[in-house]
Amino acid sequence: MPTRRAKIPTTKYPVERFRLDNGLRVVLTPDRSAPVIGVAVVYDVGIRSEPEGRTGFAHLFEHLMFQGSENLEKLAHFRHVQGAGGTFNGSTHLDYTDYFETLPSNALERALFLEADRMRGPRLTEENLRNQVDVVKEEIRVNVLNRPYGGFPWLTLPPVMFDTFPNAHDGYGSFTDLESATVADAADFFRRYYASGNAVLAVSGDIDVVEATALIERHFGDVPARPAPERPDFTEPDLTVERRHAYTDQLAPLPAVAGAWRVPDPIDDFAGYLPYVVLAEVLTDGDASRLVERLVQRDRTVTGIGGYLGFMGDPFDVRDPTALLLQAHLPPGGDVDKVLRTFDEELDRLATDGLTEGELARTQARMATHLLRDTDAVLGRALRMAVLEQQRGEPGLLNELPRLVGEVTEDQVRAAAATLRPERRAAVEVIPGGAR
Amino acid sequence: MSSVTTTPPAEARALPPLGPTRKLKLPKQAERRLANGLTVIAVRRPAVPLVELRLWMPFGRTHLARGAMLSQTVLSGTRTHTATRIAAELQKVGGGLSAGIDPDRLMLSGAGLVTGLDRMLEILADVLIGATYPAEWVDTERDRLVDRIQVAQSQPAHLARTALLKRIYGRHPYAVQTPEPDQVRAVRPAALRKLHADQVHPAEAVLVLVGDVQPERALDAAEKALAGWNGDRRGAELPPAPPLEPGPLLLVDRPGSVQSSLRVALPAVPRTHPDHAPLQLANLLFGGYFSSRWTENIREDKGYTYGPHSTVEHSVAGSVLVAAAEVATEVTGPALLETMYELGRLATVAPKPDELEQARQYALGTLQLGMSTQAGLASLTSAYAGNGLRLEFLAEHAARLAKATVDDVAEVAARYLAPANAVTLVLGDADRIEGQLAVLTPVRRESA
């Protein structure tokens, strides 16, 4: 059957960029299709930058940014955002930390005020610190300690793959380290990393560019200028011998395994990196994908499989070093070695025989849908563009992604598959200790 | 205080006021009831060149394990297409479909490039009319579902939910929503074909299409593709959900648990009830958003928990308010104490106007946010339509939210949020928490 190739559509969100005198970079992307706005502030510091003995600190500090600031009491931030009809949150990633709101557009100035106020300085008190250490411990219990497969594989695979503290350590943090954190640590962290020159502000949605620019200058213009710190080199050599680790999860009823391979630098070698993003989808997106067909349907050696780029599933907002991951959940008594061997076989087959008729085009069409769907949310645009500005100086790349993904060729995907050799792999296995 | 903030600003900065409120504006839409009884609603939001699809089919009172298996396997093949082919054909137009089930409905949902709408509808029709439930595929999916249930049963949130449903719904069909592995193992393809033949029909079903479409043109496309889908469902009405019966706190043992799952169920009313809007506001004040009393107390003041939340859940046969928090084992008693305190305070003392205003703005603002994406609009339109409502209800509801007074909210709080009405359940390490709880309230202990 001849393949009708779906035409990959793109978006044309306009992009305005500028920089304030204090070094703050700003991205505006107006879209008046709904009376809502997204506001995102992204600081160029994440899990990889936290000091030894302070695991989990970047995330703990994110919590402290909500505990009041120069002109705002504790609880005021939440109340002002929600009292304007908006929602808020923040999240800590390997290479950045974001703070964001979605609001009806009549709250633009208020949101700018709130973000500028904490950029000038959060209220760092002993009481708030102790309170948020307790809250973070409960967060870790909910997400890691009190559930099966907690932290698998995003916390359990990096220490197998990497040797240096920045890349290998537990980003949620040990309770000992969290409890050791001091107000002085927080002040130091703020001074070093939460500099105007180390931040990007992005505003999306129902805004007028001229008016928004004036408001941004009014509220952020007098944030004291501090330069961005020098970014350390987090590079590590690739693996040349396979690494394996297995651990027992007392709550898990069934086995699971994840394998990861290093991929090209997502920033410096974007063209080399993109084929891996496509490859992950060719392997695992839906019932017509290779690994689902083989492992779930034919062999029945796994009950679920996923493939993605980046330990936090963040293909376009992570720097080097990062990885392509394949993770699988197995049936009772499942054979992890066999699953890993089948990964190898299927990667070999793909590298050797290439793709089937239409396989690449349909995967790319589906990827376009996913990318476009993410950008429909006003906040999705602000967050993505803020990070693209921060890491690449290229927020407009968001508009180009569906097309660029669509231009990846079969040869590139095959070549990418050929590099995912067992000797370059790090794998982690969950041994079920549960089954209550 | 650190050196970063010891220097106060020369002059305190004032919080900027909000600009004028934008009136809620409903998107362009069209609706048609097809000859086969299917209702189709199409809504225009052209922001990105995609279309969202939701097909809501009533599915109450069906066999639990067979229903669960049907939703696992409805996309596993038709007379003309294998499951792999269905998935590949959908992918070609950037599409995908998935199925989900609850005690009210079977739902098929998906999204794809808008240029592929006709093709997605064609494939949808093929599945609705001609799903074959191939034996081999059913075998595979049965094992997968059993595994998934086993994993769910190791998760505290699932166990707490299961125990709570049983406690509040008793003998009602809502009481058990997850089948046992053995029941799933007994499901055969023939039973799925029969269930499909009996239940998967257009009468009473609602298809919602939202996206970069002209609504009339989308209705035409749906009519063309789905005209051959026919028949009436052989189903029975769900009985109304029973009223909550307060009683001793139910303590469900999960030995070794490092947290306790606290659940409080309270009475609520359907969306169309006059008390709904003030109750939504009362729920926000209590625990329905971050700036609520409960969150400010047990998280931001005491640090007992990460994400407490209360929400009004609407189902076809009734509504219920559920408050949920995962709290550290050692503070389970104190967390329950604060929870009952905050419920009792709201039920006995009228809120301050400022506090109500803040909750009202949040309720109104988040209506706007919920409508601002294709996916949000589609899910909202479908949830409303499944309960006999249309998007126009948003405007009515917004008007009710806007005019609810302090007295209205105090009155519904007394009626619905009173701790005396509560059904309370805690899942956790019973040996470590029973004593803490028993000093506050009578406790009945059960194993998980």
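Taking every residue in A:277-288, how many Cβ atoms of other protein chains lie within 10 Å of its Cβ, on average?
3
In vacuum, with every alpha carbon of the stretch B:29-226 counted as one equal point scatterer, what does the Debye formula give for log10 I(q)/I(0) at q = 0.12 Å⁻¹? Two decimals, please.
Summing over Cα pairs of the stretch B:29-226 leads to -0.65.
Cross-link partners among lysines for A:LYS137, C-alpha distance below 17 Å, same-chain residues fewer than 8 apart left out?
Cα-Cα hits under 17 Å: B:LYS302.
Looking at the stretch B:118-212, which chymotrypsin sites (Phe, Trp or Tyr not before Pro) are in a loop (DSSP not H, G, I, E or B) and have at most 15 other Cβ atoms within 10 Å?
Hits after loop and neighbour filter: nothing returned.
In debye, nearest 20, what is the charge dipole magnitude of the stretch A:1-99 about its Cα centre with +1 on Lys and Arg Cβ and -1 on Asp and Glu Cβ, if you could check? Please list the in-between numbers first.
Numbers: 12 positive and 11 negative charges, 158 e Å.
Here the size comes out at about 760 debye.
What does the highest-first list of B:223-232, A:143-152, A:253-262 look like by mean Cβ count within 10 Å?
Per-residue Cβ counts within 10 Å, averaged per peptide and sorted highest first, yield A:253-262, A:143-152, B:223-232.
Cα to Cα, under 25 Å, and not fewer than 8 places away if on the same chain: which lysines meet these conditions relative to B:LYS25?
Hits, sequence-local ones excluded: A:LYS12, B:LYS403.
In degrees, nearest 10, range 0 to 90: what is the angle between the Cα axis of helix A:378-392 and the longest Cα principal axis of chain A?
80
Please list A:159-167, B:242-250, A:58-66, B:62-70 highest first by mean number of surrounding beta-carbon atoms within 10 Å per residue.
Order by mean packing, descending: A:58-66, B:62-70, A:159-167, B:242-250.
I need the shape label for the stretch B:249-447. Rule: rounded when a/c is under 1.5, else prolate if a/b > b/c, else oblate, with a, b, c from the alpha carbon gyration tensor.
Note, shape of the stretch B:249-447 comes out prolate.
Just to check, using Stokes-Einstein with a Kirkwood Rh over alpha carbon pairs, what's the diffusion coefficient of chain B at 25 °C and 0.890 mPa s in µm²/s?
Stokes-Einstein gives a translational diffusion coefficient of 101 µm²/s.
Identify which of A:GLY380, A:GLY272, A:GLY358 has the largest mean-square fluctuation in a Gaussian network model of chain A, with springs joining Cα atoms closer than 10 Å.
Highest fluctuation among the options: A:GLY358.
Sorted by mean Cβ packing within 10 Å, highest first, what order do the peptides B:254-261, A:124-131 take?
In descending order of packing, they fall as B:254-261, A:124-131.
Taking N as the number of residues in the stretch B:352-448, what value does Rg over Cα atoms divided by 2.2 N^0.38 Å take? If you can, show how the numbers build up before the last one.
Values: Rg = 19.8 Å, N = 97, 2.2 N^0.38 = 12.5 Å.
Computed over Cα atoms of the stretch B:352-448, the ratio equals 1.58.
Evaluate peptide B:113-119: per residue, the Cβ atoms of other protein chains within 10 Å of its Cβ; return the mean as an integer.
3
For A:LYS7, go through the lysines and keep the ones whose alpha-carbon is under 27 Å away, minus same-chain ones fewer than eight residues off.
B:LYS28, B:LYS92, B:LYS224
Taking each pair of different alpha-carbon atoms in the protein assembly as shown once, compute 1/r for the pair, average those values, and report the inverse of that mean as the Kirkwood hydrodynamic radius in Å to one decimal.
With all distinct Cα pairs of the protein assembly as shown included, I get 28.7 Å.
Please report, to one decimal in angstroms, the Kirkwood hydrodynamic radius of the stretch A:16-220 built from all distinct Cα-Cα pairs.
Value: 17.9 Å, from the Cα pair sum.
On C-alpha positions alone, give me the angle between the axis of helix A:183-193 and the longest principal axis of chain A, in degrees, nearest 10.
On a 0 to 90 degree scale, this one is about 80.
Compute the acute angle (0 to 90°) between the alpha-carbon long axis of helix A:126-140 and the principal axis of greatest extent of the alpha-carbon atoms of chain A; round to the nearest 10°.
20
Which whole number gives the average count of other chain Cβ atoms within 10 Å of the Cβ atoms across peptide B:144-150? Please report the intermediate quantities before stating the final value.
On the way: counts 7, 1, 3, 10, 4, 1, 9.
The shielding value for this peptide is 5.
Read-outs: derived from the displayed coordinates by stated rules, not from any lab. Owing to the predicted nature of the structure, the values given are computational and were not obtained by experimental measurement. Every residue, glycine among them, receives a Cβ derived from its backbone with ideal geometry; neighbour counts consider all protein chains shown.
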